[in-house]
Each structure stands twice: as C-alpha cells, then as structure tokens.
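Here's the structure we're looking at; comments come further down.
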Amino acid sequence: VTLIGKPEDGLVAITDNAAPRIHLGLYRRTTGEQVCSVPLFEAGKSGTDLSPLAFEHADGSGRGTGHFSIMVENNYGHHVFPMPDPHPGIARIDAVRQEDGSYRCEQVWQTAEKGIAGAKLALQSGLLYMYINDANPALGNYFAAIDFNSGSTVYRQHTGMGHGYNAWQGVLSLHRSQAAIYTTTMFGLVTMQDRP
C-alpha cells in the first residue's frame, strides 16, 4: 500500500494478486472508492511483493496538480536461493484527475530491465535506479538508470559476476550529498558514485 498526495484529495495505490495478471488499483483516500484498475505485465508472468513508488506532480508553486505517477516493479519468478529468476520490468502508470473529479488512468511505459532489488526514484534527476540481472546470466549484475519520462535505459554500470554481487531482493539507497547509490548483496555492499 502506498499513500499519494494529501489526505483530502489524494489516492491509495494497492497491487492485487490476481491471476494471470496483477492489477494496480487506485482508491480515494477519503472514501476508499476505487477510481481505476490497470492490468500489469505479461499474463502468467506478473507479480510483486513491493509497495509501489508514487508521487503527485506539483505546479510551479509546489501545489498538487491531481496528476499522479505510480511505478510498480515486477518480481514474478521462480526464485530459488541463491539464484533469482527475474522477469521484466517496472511499469509506470499515470492517473490524472479530470474536471468532474474522475480519473483517467493509463500505463505510460514498461521497462525490459529485470530488477533484483527494490528500485528508487530520484525526482531531481528524473532517473529511476535499478539493480538488474542481465538477460544473459553470464554477464552478471548492473546498476541501471531509467529515464522517468520515456522508460528508456540511459545508463548501465557493471558491478560484477557471481553470488557476491547478487542483491537477492535488497533495497537501493540513494545518498544525495555523496552522489552515490548503494545496495546490499549476498556477501557485502556494492556502491556506485559520481566522479568529482
């Protein structure tokens, strides 16, 4: 469950466990009324146990606009420790409040990247950060940056191969002052940092 916006006019984002595809359901925080439901990912390969990432877009004065963006990470797969079996990807869904108070909801994009750790969104840079397992397991693991607007992968950094670099559903952490990103792995910690 993720709360978005103010209590008086915001939304609650919840993913269900429907088969063959999960759905993102959006509900009014005041009444619990469902305003939309959007199916996610490929049928038979759709699931998540992570809370959605979400925020309300603001105008130039910092006031909410009634335009919400929600990102849901797919972690469906037959995960057998210590090898993850990730499936694509992360989906962005936008909900826009209409003049009559109803919402128009649609999927904006879906990545093909296979995340193996809880993603993080940096609003200032407009980048969604993931720790991914390459489609070819022999190539190992990467940090990846996804453009929030387009869903395109704009950067990849190889971190290493083997179990020591496997995040196994860790969570990414962003360190703003050090311009760094971290995640725990099976045997320690992996960090990526901007060069000065």
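The values are calculated or read from the model by the stated rules, or taken from the named source; none is laboratory data. These numbers come from a predicted model, not from an experiment. Heads up, the Cβs are rebuilt from the backbone with ideal geometry, glycines too, and the neighbour counts pull from every protein chain shown. Calculation scope for accessible area: heavy atoms of the full protein, side chains included, ligands and nucleic acids excluded. Shrake-Rupley method; radii C 1.70, N 1.55, O 1.52, S 1.80 Å.
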Shape metrics for segment 25-85, restricted to C-alpha atoms - Rg then Dmax, Å: 16.0, 49
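Return the loop-located chymotrypsin sites (Phe, Trp or Tyr not before Pro) in segment 131-179 (DSSP other than H, G, I, E, B) with at most 14 other Cβ atoms within 10 Å of their own Cβ; answer none if there are none.
Values: sites: Y131, Y142, F143, F148, Y155, Y165, W168; in loops: F148, W168.
When the chymotrypsin sites (Phe, Trp or Tyr not before Pro) of segment 131-179 are filtered for loop state and at most 14 Cβ neighbours within 10 Å, nothing remains.
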Rg and Dmax of segment 113-174, Cα atoms only, in Å: 11.3, 34
Alpha-carbon Debye profile of the chain, log10 I(q)/I(0) at 0.14, 0.15 Å⁻¹: -0.82, -0.92
Segment 84-189 - percent of accessible surface contributed by carbon and sulfur, probe 1.4 Å: 51 percent
Solvent exposure of the chain as accessible area per residue, Å², 1.4 Å probe: 52 Å²
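For segment 1-73, give the percent of accessible area contributed by carbon and sulfur heavy atoms, probe 1.4 Å, rounded to a whole number. Provide the component values of the computation, followed by the final result.
Values: 1770 of 3640 Å².
The computed percentage sits at 49.
Dividing the convex hull volume of the Cα atoms of segment 1-112 by its residue count, what figure in Å³ per residue is obtained? Before the final figure, lay out each step's value.
Details: hull volume 12.7 nm³, N = 112.
Spelled out: Cα convex hull of segment 1-112, divided by residues, is 113 Å³.
Given a cut-off of under 8 Å on Cα pairs at least six residues apart, what relative contact order in percent is computed for the chain? Write out the running numbers ahead of the final one.
Numbers: 482 pairs, mean separation 22.1, N = 196.
In percent, rounded to a whole number, it is 11.
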Residue list for segment 74-115, given a label point 7 angstrom along the Cα-to-Cβ vector of K45 and an amide N cut-off under 18 Å: 74-80, 84-92, 109-115
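Average projected area of the Cα convex hull of segment 80-187, in nm²? Each step should come with its number before you reach the end.
On the way: hull surface 32.9 nm².
Computed as one quarter of the Cα hull surface, the answer is 8.2 nm².
Filter the GluC sites (Glu not before Pro) in segment 1-91 to those in DSSP coil with at most 13 other Cβ atoms within 10 Å of their Cβ, and list the result. Could the numbers behind the result be given before it?
On the way: sites: E8, E33, E42, E56, E73; in loops: E8, E33.
Those that pass, being in a loop and sparsely packed, are E8, E33.
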Projected label distance in nm at V80 and A112, using a 7 Å step from Cα toward the beta-carbon: 2.7 nm
